[in-house]
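Undergrad: Please find one structure pasted underneath; my questions will follow.
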């Protein structure tokens, strides 16, 4: 599930949205209100339940041979065992938007934002089997007891890295649960 040329996507578990209004996200580090969307290259980052913590790592042109060998694949997404059932059962939907209504967000060229209300190009599309999407895209999905070892190793080297909803991950070993 990726956007067509000239489109961007917004993933949601709510199939009833007819108009997206800019808002300040609860986790925002900026005060501006946006409608968020994603480009084709990073759409797989959102093939998960919304609240699912995930760590994403991929090979870049600057990736060292050692980091490439450690990762063992061109792209890896990691989740915790506690989220596997949700990944398998979530009803996830993709909303398509005209990319012309959005602009790149800062240094993150894949993250797109609109500052005006936007309406989808049509009804939302059911995303379907998220594990199958990963397999078809050649993305290795790793399931582990705790994400933090992977996060630390993947983010500390020459790989591309993103962590999404990590506040929902199990605590690091030795940390107290809040």
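Undergrad: Quick one: among 44, 123, 31, which has the greatest mean-square fluctuation in a GNM of the chain with alpha-carbon springs under 10 angstrom?
TA: Of the options given, 31 has the highest mean-square fluctuation.
Undergrad: On to the next question. If we count other beta carbons within 10 Å of each Cβ, what is the order of 158, 104, fewest first?
TA: With the fewest neighbours first, 158, 104 line up as 104, 158.
Undergrad: Please order 172, 68, 96, 19 by the number of other Cβ within 10 Å, starting at the fewest.
TA: Going from sparsest to densest Cβ surroundings: 19, 172, 68, 96.
Undergrad: With both bridge residues required to lie in the chain, what share of the DSSP beta bridges run antiparallel, to the nearest 5%?
TA: For the chain, the DSSP antiparallel bridge percentage is about 85.
Taken together, the values in this text are just the output of simple stated rules run on the coordinates, not laboratory data. Note that the structure is predicted; figures quoted are calculated from it, not measured. All Cβ positions, even for glycine, are placed from backbone atoms using ideal geometry, and neighbour counts span all protein chains on display.
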